[in-house]
Amino acid sequence: MAASHAAPPRTLDRALEVGPEDWRERDFYQLMTALVIPRPVGWISSVSAAGVRNLAPYSYFNLMGSDPFYVAFGSTTVKDTLTNVRETRQFVANIATMHLLDKMSFTSGDYPSEEDEFGWADLTPVPSAKVRPPRVAEARAHIECELVQVVTDGNTNIVLGRIVHAHVDPSVWKDGRVDPLLLDPVCRLSGSGYASLGTLFSLPRPEWKNVKGTRGHEAMPRAVVRARK
């Protein structure tokens, strides 16, 4: 199918149909990062073979499985984080939360590889439990990982890490689990946009025993709003 528009239009006079080859790379990037929202941010700490610390946020980041447990983050081109992870085969995904938004964003700059973003952002590196790269002491949760594979396609590098340890601060724990409102994670939007969690809902999964014999939607569970306290 031919593209409906040769470039991003100011307004849409009809439905948009476009592929990555139809627009400039930057324009298609802005479209994709505006559609896939909100995205969690993995604040990746790593260390070079020579011992230089690095800290950078990645919004191409998520949990990828549970048997075994994996996380993944994506790096467009080879940055210091990817170089370090390839050298040491370890990294920490510090969970980015709203109380550290300014400092997290500050670590996204194009610092030379010999510079330590912990120092520039006035953050405290503390030892991890099972990997060499340090944690961000001010972060409320950390996921320590061992590198399993880097999948490279052009300038896209997808880093797959097996989770070997997790740390959670007591301040975000409630009723036997992490409370999302207490965690208050950063939600990445497009461009320079961020958001915090909005209204929370609880919605149980459907069970076949309750759906069988109905017309489907009749047995559809309904969302329950979780009020902020």
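Numerical summary
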item: Mean separation of Cα contacts under 8 Å (6+ apart) over length of segment 102-229, as relative contact order %; result: 12
item: Highest-first arrangement of 29-39, 190-200, where packing means the average Cβ count within 10 Å; result: 29-39, 190-200
item: Fluctuation leader among PRO204, PRO133, PRO180 - the chain, Gaussian network, Cα springs under 10 angstrom; result: PRO204
item: Centroid-to-centroid separation of segment 1-31 and segment 74-117 [C-alpha atoms, Å]; result: 31
item: Overall form of segment 35-112 per C-alpha gyration tensor (a/c, 1.5; a/b vs b/c); result: oblate
item: HN-Hα J in Hz across segment 104-121 - Karplus 6.51, -1.76, 1.60, θ = phi - 60°, x for Gly and Pro; result: 4, 4, 5, 7, 7, x, 8, 5, x, 5, 7, 8, 9, 5, 4, x, 4, 8
item: Lysines with Cα under 30 Å of LYS174, excluding same-chain neighbours fewer than 8 positions away; result: LYS103, LYS130, LYS229
item: Least to most buried among ASP179, ASP13 (fewest other Cβ within 10 Å first); result: ASP13, ASP179
item: Label assignment, log10 I(q)/I(0) by the Debye sum over Cα atoms at q = 0.10, 0.12, 0.14, 0.16 Å⁻¹ derived from the structure, set (1) -0.50, -0.72, -0.97, -1.21; (2) -0.58, -0.80, -1.00, -1.17; (3) -0.41, -0.60, -0.85, -1.15; result: (2)
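Read-outs: derived from the displayed coordinates by stated rules, not from any lab. Just so it is clear, the model here is predicted, and its values are computed rather than measured. Don't worry about glycine lacking a Cβ; one is built from the backbone with ideal geometry, like all the others, and counts go over all protein chains shown.
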